[in-house]
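The structure appears below as structure tokens.
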Amino acid sequence: MKVPRIAIVIPCYNEEAVLPQSVERLLAILDRMVGKGEVTPDSYILCCDDGSKDRTWELIKTLNQADNRVKGISLAHNRGHQNALFAGLMTVKGKCDAAISIDADLQDDPDAIEVMVDKFSSGEEIVYGVRMKRDTDTWFKRNTARSFYKLQRNMGIEVVDDHADFRLMSAKALDLLAEYGESNLYLRGIIPQIGLSSGIVAYDRKSRMAGESKYPLSKMLAFSIDGITSFSSRPMRLVFFTGLAFLILDVIVAIYVIASIFFQTASKLAGRH
Ligand code: UDP
Ligand code: MG
């Protein structure tokens, strides 16, 4: 198999505090892999600025000037992690043999990229990064995540546990993703549905090096709702059957009311005679 050209796609929202270090680390990883003949020298990094309000976009431009393997796209507005990532994946589609998505804070171990590429080179079309432990998460995040996987599974949705958006996708997987046509982007639910051969790489998730989480509870909730309503008709059926139950209850009450009015009138009439 020929040496692959890879693209590392990073969604970035207000990441000025971490981006330069993250890019430096990723470039070093690329250099190492190029040195070992695992990826082509024109493999690159694409930073997708998700309408940041800080200096993220300026930084991306400076990083590009220093090393043109660092490329960038900029979204006009803040559209959220999944949209920024999707925009990035669609930008590299047709311009790489495999794309690896990773968060800007490098909480997901970038050294796992080499293992992902190795699995891709031995034939996997998708490689999921799976976190071994969640001890850097708060008790709340750990437990809500667990219950959420369970809920999704009960709803009949196929997801890879403890996998967020750190993954490798082959050019073929990117083409299929482009055809998916889903507007509520919940990539970790869509990608297993593509149905290509896949592997897993386990890694340790670290805490953020700098900056704050861009996922407040409100965004997490909206994301979870998308993660269920986009893939399962069960919530719709639940609404339907709840409606049906209330309808039946209403009919019973109506019959009862009509009957009691009827009997009251009848007994009044009977009283007159
Ligand atoms: N992100 C984004 N748009 C947003 C929110 C987040 O592109 O509106 C990016 C962010 O820059 C990071 C990734 O999505 O690269 C994950 O965000 P974060 O690390 O804050 O999430 P957490 O690790 O807390 O779940
Ligand atoms: Mg993070």
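For Asp161, work out the one condition from (1) farther than 23 Å from Ile8 by Cα; (2) open to solvent by 40 Å² or more (accessible area, probe 1.4 Å) it doesn't fulfil.
(1)
Being surrounded by 20 or more Cβ atoms within 10 Å (Cβ to Cβ) and more than 13 Å from ligand 1 (Cβ to nearest atom) is the filter; apply it to region 91-101 and report the residue that is farthest from Val201 (Cα to Cα).
The residue in question is Val92.
Given the conditions (1) open to solvent by less than 10 Å² (accessible area, probe 1.4 Å); (2) touching a residue at least 60 places away in the same chain (Cβ under 8 Å); (3) over 19 Å from the mean Cα position of the chain (by Cα), which single one is not true for Glu38?
(1)
Here is a yes/no grid of residues against (1) farther than 30 Å from Lys150 by Cα; (2) touching a Pro at 6+ places or on another chain (Cβ under 9 Å); (3) loosely packed, with under 10 Cβ neighbours inside 10 Å; (4) β-branched (Val, Ile, Thr):
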position: Glu212; (1), (2), (3), (4): no, no, no, no
position: Met220; (1), (2), (3), (4): no, no, no, no
position: Ser232; (1), (2), (3), (4): no, no, no, no
position: Thr242; (1), (2), (3), (4): no, no, no, yes
position: Ala245; (1), (2), (3), (4): no, no, no, no
position: Asp250; (1), (2), (3), (4): yes, no, no, no
position: Ala259; (1), (2), (3), (4): yes, no, no, no
position: Phe262; (1), (2), (3), (4): yes, no, no, no
position: Leu269; (1), (2), (3), (4): yes, no, yes, no
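Among the residues of region 211-220, are any more than 16 Å from ligand 2 (Cβ to nearest atom) and modelled with pLDDT under 85?
Yes, region 211-220 has at least one match.
Quick one: Gly88 ticks every box in (1) assigned to a strand (DSSP E or B); (2) crowded, with 20+ Cβ neighbours inside 10 Å; (3) among the small types (Gly, Ala, Ser) except a single one, so which number is it?
(1)
Could you grab the pairs with beta carbons closer than 8 Å, sequence gap of 6+ or different chains, first residue in region 62-77 and surrounded by 14 or more Cβ atoms within 10 Å (Cβ to Cβ), second one at pLDDT 95 or above and among the hydroxyl-bearing types (Ser, Thr, Tyr)?
From region 62-77, the pairs are Arg69/Ser43; Arg69/Tyr44; Val70/Tyr44; Lys71/Tyr44; Ile73/Thr91.
The values are calculated or read from the model by the stated rules, or taken from the named source; none is laboratory data. Because the structure is a prediction, the values reported are computed rather than measured. In this analysis, Cβ positions are derived from the backbone assuming ideal geometry, glycine residues included, and neighbour counts consider all displayed protein chains. Each accessible area value is taken on the protein alone, full model and side chains, heavy atoms only, with ligands, DNA and RNA left out. Shrake-Rupley method; radii C 1.70, N 1.55, O 1.52, S 1.80 Å.
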